[in-house]
Amino acid sequence: MIPRAFCSIALLLSGLLLFGAGGCSGSAREHWKVVPRANITGGQLVMDVVSDPRTFNPALASETTSTQILGYLFRGLTRISPHDGSVKPDLAKDWKVSQGGRRVVVHLLPGLLWSDGVPLDGRDVVFSFEKIYYNPSIATSVRSELLVEGKPVSVSLRDPLTVVFETSKPFAPLLESLGVEILPRHILEPIVDSGKFNQSWSVRENPSHIVGTGPFILAKYAPGQFVVLRRNPLYRPPLGISPSSGCTMPCLSKIVLRIVPNDTSSLIRFLTGKTDLFGVTPQQMAVLKPEQKHGAFRLMVRGPSLSESFVTFNENPRSPIAPWKLKWFRNRRFREAVAWSIDRTAMINIVLNGMGSPIPGPVPIAVRAFFNDRLPPYGHDPARARVLLKKAGFSYRGSRLYDGEGHRVIIILLTNTESPERIQMAQILQANLKDVGIKIRIVPLQFNMLATMVMSSYRWEMLLFGLTGVLDPHGDISVWKSSGFLHLWNPREAHPDQKWEAEIDQLFDQGATTMDPVQRKKIYDRWQEIAHRELPLIDLVTPDQITGVRKTLGGIHSTPLGGVVPHISQVFQSGVLSPA
Amino acid sequence: MIRSIGARFIHLTFVMTGILFLSFLLVSLAPGNFLSQMAMNPQVSPEIIQQLKVLYGLDQPFYLQFFHWIGALIHGELGYSFSYHLPVMTLLLSRIPLTVLLTLTAVAMSWGLALPLAVYGASRQKGVLDRILTGFSYLSISVPSFFLALLGVLLAGRTGWFPIGGAHSPGLVGNGGLDGIGDLLKHLVLPAMTLALGSFGVLYRLMRSSVIEVLEQPYFRAAKGRGIAPRFLRFRYLFRNALNPLVTLFGMELGGLLSGAAFVEMVYAWPGMGRLMLHAVLTEDLYLVMGGILAGSFMLLMGNLLADAALFFLDPRVRERRP
């Protein structure tokens, strides 16, 4: 035992902290074997989460730990297939779309029960929408997703198991929006009526008071330490989800989520067999890869993630930046030259440890339903970039680039300090643009300060950033519509400033109201073509999605959109770890 | 004495009000607010952000927010956390006991080790043990506590001697029996040792130099020359006189009871105040940040007050200086 500890400490003191964790001599390695369990029903899944849940109230939750936990406790009428992003029934049995997409009649699964044994019916659905999500005195950000052109959807009860949703205009993403959690009327109605909903189901709530329909129920929460969920015996799986290997769903009896805010501590916990699933960053691959055999885990690489990174220029005529700079940024050829100057392969190799892909356009490759695969990628071609810059009216004095009015091309690039990867990408970008004569000064800023400069004062020139990836392009309407508040390069335009922006506005309006999936794909294909040509956002690279999975786990499949757990109720423990 | 302490209390009230006002001003002056992150989410509309701003009172000028908060404070309330949807007092009370347990254990370990060893080292200057301890104290000062903590986590992972993360095992929370206490101690050992090792160096160096200084004082030499018994000499003359600078340090340690372990808490996933406050600052959870500042400043001021009171009793020179 002692030599193991000394081995680790010696390696760490040599500055090889991460590599040392996996690179000690053979005697220092953890050797595990998997001993099969007699009964695959039961068993527990252990995972680490980075922070405490902030609330157990689905209407108030907005950060990832809370939403992850609540995803095990609550369900919506619909769910998104992790395989292809299509909408599938969850609490719903089926639905019928009529009146050209303005009416959706949803039939609920019969015999559904809340985890306290009370039957669930359409009144719970109407209550959730009308008294919670559309209630202006409730602090919920979910409301944004449920408004069609700023107006609530009309929700009415036809019979106990049938709910009718009606909109003034057809709204294609409505079915996806119906995935919001349905909440128990019998518990929450008195709380809403007393005006105390915003304080309800906090993290101090007695776990037995939190009643849901998900496969698990809250058993215990110790602040800063762990959340324990136990099997919901009254759970009824959605249609199309069948049990794995004959177990009764949910197969697991318990999920333990240990709160570990430090990445390295989490990595060590996974390496030493304390956790079953681990989200791996490309940088951690070097440590984990050699340990797979001994650690009884496998690494599942699922291709490019949904996360975005891009650079954009300030094209806003109302911004206080120098007028000649505004001229550069509004010049399409200038932006195209920048796109050709970027060495994305270097970014992948240096920043992502070789585990990533260039982002081809505004729709992630994983979102097959909308991804336009006919657009050629921008490669690294500085010679082509120089030709484009000359055509755009720029000239060279030595290796430095000047515009037609004699201004040296010097640009300030902002990015946020919270992401070391973005700072590294900015440094590579700086070197790439130096090759074509453009001088970049990098200014990393704390997120809130950056957001204020970009969204309120417009005092910025170039930005390296990323936004939350979405499955339906309509989710990006605030970025791409010229009136959008996140139309970063020129926000909240009164009228589209450029022709192509007007066309994108039109396409997004059509995309929202077109119910035919084939037609919608064509609409969003055209949008991607314009975005690819005009380059208001110049896409960079995205890391691969990698998960470390303990070999004892069953019900695990790699999916492009839902991680390695297509449905938590199907996951089971087929064995236990034992020292080899 | 009572008049002096009363005057100090009035002074402390003004200092505390100043700290709170400046902190509130600085937090409010920081760009953005709790909703800034949400505002950069394409799926949350500006209208919803505006509604939330009104609900949280963030649409009001900072001085109004401050006076509302002070008004609530007078009634014993610390405000409401935006991210946890809970009263700040409830949140702080759920985290303070474990942080205090961790830091007090660390203080007991570091003081319990450093003081006797420093006396020993100073009385045998340049001896082998003194050289080893001096070298170790330099190492302790120069190695950052988070790095020591990472070493500790690796040690725990490799050997399996200690659990990694948290203060309890899932089945043993709230277990007041021997199992529960044993489990808590097992979780406590490494974080407390890491903190103790981190402050050992400073304490050892300070106490050692203080003891050496006393050893060279004429009154100590005279006492020694008069043949006073070594034990009496050590405690009555040496230890008591060498303690003066450490009393001030002890006051500061008290001040750091709530805030001094943040890095170590992060690495060991110890469920204390440090992590709560770090998240609060990063997310600009205004009243939670203010609650943490209030608790931390209160402890610091009380620590200083206690240290001054202790010096008053220990050192006749301080007593004579009183107005």
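Just so it is clear, none of the values below were taken in a lab; they were calculated from the coordinates. What you see is a predicted model; the values in this text were computed from it and never measured. Reconstructed Cβ throughout: ideal geometry from the backbone, glycine too, with neighbour counts over all protein chains shown.
Below are the figures for this structure:
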quantity	calculated
Simple Cβ-charge dipole of chain A, Lys/Arg +1 and Asp/Glu -1, about Cα centre, in debye nearest 20	1040
Directionally averaged shadow of chain B, computed from the convex hull of its alpha-carbon atoms, nm²	22.8
Estimated inter-spin distance, B:ILE70 and B:LEU26, nm [label 7 Å along Cα→Cβ]	1.9
Label-point separation in nm, B:GLU216 to B:ILE181, each point 7 Å along Cα→Cβ	4.7
Nearby aspartates and glutamates by direct alpha-carbon distance to A:LYS390 (threshold 13 angstrom, same-chain neighbours under 8 apart not counted)	A:GLU336, A:ASP403
For the protein assembly as shown, the spread of Cα positions along each principal axis, largest first, Å	107, 77, 64
Partners for A:LYS289 among lysines (Cα-Cα distance below 18 Å; same-chain residues under 8 apart left out)	A:LYS33, A:LYS274, A:LYS551
Where labels lie 7 Å past Cα in the beta-carbon direction, separation of B:ALA223 and A:ARG408 in nm	7.1
FRET efficiency estimate (nearest 0.05) - Cβ-Cβ, A:SER483 to A:GLU166, R0 25 angstrom	0.45
Relative contact order [Cα under 8 Å, 6+ residues apart], the range B:97-321, whole percent	27
Partner chain coverage, peptide B:273-285 - average Cβ within 10 angstrom	2
Gap separating the Cα centres of the range B:267-298 and the range A:335-378, nearest whole Å	39
Computed lengthening from A:GLN292 to A:SER208, 0.36 nm per intervening residue step minus Cα-Cα distance	26.3 nm
Spatially proximal lysines relative to A:LYS169 (Cα-Cα < 27 Å; intrachain offsets below 8 disregarded)	A:LYS88, A:LYS93, A:LYS96, A:LYS131, A:LYS151, A:LYS481, A:LYS499, A:LYS521, A:LYS522
The range A:308-543 - Kirkwood radius from inverse mean 1/r over Cα pairs (Å)	18.2
Positive minus negative residues near A:GLY150 (Lys, Arg vs Asp, Glu; Cβ under 12 Å)	+1
